[in-house]
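Here's the structure, in structure tokens; my notes come after.
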Amino acid sequence: MTTGEGERAARVWEAMRTLVLERHDRRDEVCAAMGMSFFRVKVLRRVAAEPVTMGLLAERLGSDPPYVTIVVDDLERRGLVLRSPDPDDRRRKIVSVTEAGVRAAAEAGALLAAPPPVLVALPADRLAVLSEILADLLEPSVL
């Protein structure tokens, strides 16, 4: 890669970051709709995907286990998750989602998945090109 190509790639990356994380960041909208921090939403969505031990949950989120405990305590008070002993090791707790948690995780997921108007407004041919480029950059299963 030449210096010019590297600079162009850096500009494109900055534009993508600005588009997703600044101009059309859905996190504040999700937090307001759900009445909780984005980290709590992340924990809820992770647990909704599959039951998990507290330790593995903290590891997968790259977070401090005591903080994850505080978050899970809050989600449990809200009726969104349950903790139960691990049948293989009763010293560990498994966190699973409740029906209310399933609905809340789905609501958060729908808000996060909604494309911004600027993307919806792209002409079909430009959207197709963007889709192809993203497919080149991401694993095929993503698109």
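We did not get these values from a lab; they are worked out from the coordinates using the rules stated. Note that the structure is a prediction, hence the values are computed from the model and not measured. Virtual Cβ from ideal backbone geometry, glycine too; neighbours counted across all protein chains shown.
So the values come out like this:
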quantity	calculated
Gained length - Asp25 relative to Glu107, 0.36 nm times residue gap less alpha-carbon distance	27.9 nm
Zone of Tyr67's modelled label, taken as backbone nitrogen in segment 17-46 under 11 Å from a point 7 Å along Cα→Cβ	39-40
Estimated vicinal HN-Hα couplings, Hz - segment 5-11 in sequence order (Karplus 6.51, -1.76, 1.60; Gly, Pro = x)	5, x, 5, 5, 4, 5, 5
Shape of segment 13-60, Cα gyration tensor, a/c cut at 1.5	oblate
Separation between Cα centres of segment 78-107 and segment 1-64, rounded to whole Å	22
Contact order normalised by residue count of the chain, Cα under 8 Å, 6+ apart, percent	21
Cα gyration tensor shape of segment 44-95, rounded if a/c is under 1.5, else prolate or oblate by comparing a/b with b/c	rounded
